Amino acid sequence: NIEVVVVKDAQEGGKKAFEYVKQSLEEGMKVMGLATGSTPETLYTELRNSDLDFSNVTAINLDEYIGLPGDHDQSYSYFMNENLFKAKPFKETHIPNGLASEEEETARYNKVIEDHPIDLQILGIGTNAHVGFNEPGSSFDSLTRKVELTEETIEANKRFFESADDVPRYAYSMGLASIMSADKIMLLAYGENKAEAVANAVNGPVTEEVPASILQKHKDVVFIVDEAAASKL
Ligand code: F6R
């Protein structure tokens, strides 16, 4: 069963999520799995403004667009540097290299995860219930691999680019099995457009058509959702 914590809005969600991260640190967290996108921004603001020390923590990010260099302002590497790493140095940071070849990069990244078991994984959720870039139909057994983004995801993410045509079509993403290997998982979701995905993930059947539904099988998962995202629960 998925524990759901309902908060008023994204600001409050950031504060609540911060408390979980702080507690994990106090419990000796060594590896933290991180997400990008709009959702974790309030959490990252709380972390930046805190006195928490991540210098003994390894960061592992979920995904990266294929074709964007790490210094491109829409790359997830750039996002992480700006939103967290510049202000909070980590022991090591890992993110897929969007310019590396598929075979080498997926093998390399799977080894990174194998060598650094994730204590706490932060997730957002897509309107189609994707986690990472594991779109509907992704295998529950999947590890890091090259994935093709759905039209829905490209539409959702075009707000960051000049046009939908500029959104990369492919990404490297940790798989659903990679995510499920984390000791603890914290998924964040804000806004009415996430309500259906949240409801399907929490209460719907566990099916590869709803990637986040696999989280029902995890032993320690919490969803922090605002009232709008909780509205269909
Ligand atoms: C980002 C990621 C994605 C996003 C999801 C929601 O690293 O893996 O699954 O979490 O697309 O994006 P936002 O938060 O922008 O609504």
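All of the numbers you see were taken from the coordinates with simple rules; none came from a lab. Given the structure is predicted, the values throughout are model-derived calculations rather than measurements. FYI the Cβ positions are ideal-geometry reconstructions off the backbone, even for glycines, and counts take in every protein chain you see.
When you restrict to C-alpha pairs under 8 Å that are six or more residues apart and normalise by the size of the range 1-150, the relative contact order lands at 25 percent.
A full extension of the chain between ASP53 and LYS86 corresponds to an added length of 10.6 nm, given 0.36 nm per residue minus the alpha carbon distance. Once the chain from VAL206 to GLU148 is taken as fully extended at 0.36 nm per residue, the excess over their C-alpha distance is 18.7 nm.
From the Cα gyration tensor of the range 149-203, with a ≥ b ≥ c the square roots of its eigenvalues, which class applies: rounded if a/c is under 1.5, or else prolate if a/b is larger than b/c, or else oblate? In terms of gyration-tensor shape, oblate.
Looking at the chain, the DSSP beta bridges with both ends there are about 25 percent antiparallel.
Projecting label points 7 angstrom from Cα along Cα→Cβ for GLN23 and ASP9 puts them 2.5 nm apart. When each of the peptides 145-157, 57-69, 119-131 is scored by how many other beta carbons lie within 10 Å of its residues on average, the order from highest to lowest is 119-131, 57-69, 145-157.
Net length available on complete extension from ASN193 to ASP71 is 40.9 nm, with 0.36 nm assigned per residue and the Cα-Cα distance removed. Using the Cβ of ASP9 as centre and a radius below 10 Å, the other residues enclosed give a net charge of -2, where K and R count +1 and D and E count -1. Applying Stokes-Einstein at 37 °C and 0.692 mPa s to the Kirkwood radius of the chain, computed over alpha-carbon pairs, gives a translational diffusion coefficient of 188 µm² s⁻¹. By its C-alpha gyration tensor, with a ≥ b ≥ c as the square roots of the eigenvalues, how is the range 54-146 shaped: rounded for a/c under 1.5, else prolate for a/b larger than b/c, else oblate? Rounded, because the longest to shortest axis ratio a/c is under 1.5.
If I take R0 = 45 Å and measure r between the Cβ atoms of ASP165 and LYS111 in this structure, what FRET efficiency does the formula 1/(1 + (r/R0)^6) give, to the nearest 0.05? About 0.85, to the nearest 0.05. For a modelled paramagnetic label at SER231, 7 Å from Cα along Cα-to-Cβ, the residues of the range 187-211 in reach, with backbone nitrogen under 14 Å, are 190-199. Straight-line cross-link reach from LYS217 at under 28 Å between alpha-carbon atoms covers these lysines, not counting any fewer than eight positions away in the same chain: LYS8, LYS15, LYS16, LYS22, LYS30, LYS111, LYS146, LYS184, LYS194, LYS232. The simple spin-label model puts a point 7 Å past each Cα toward its Cβ; for GLU103 and GLN216 those points are separated by 3.9 nm.
Scoring 92-102, 30-40 by mean Cβ neighbours within 10 Å over their residues and listing the highest first yields 30-40, 92-102.
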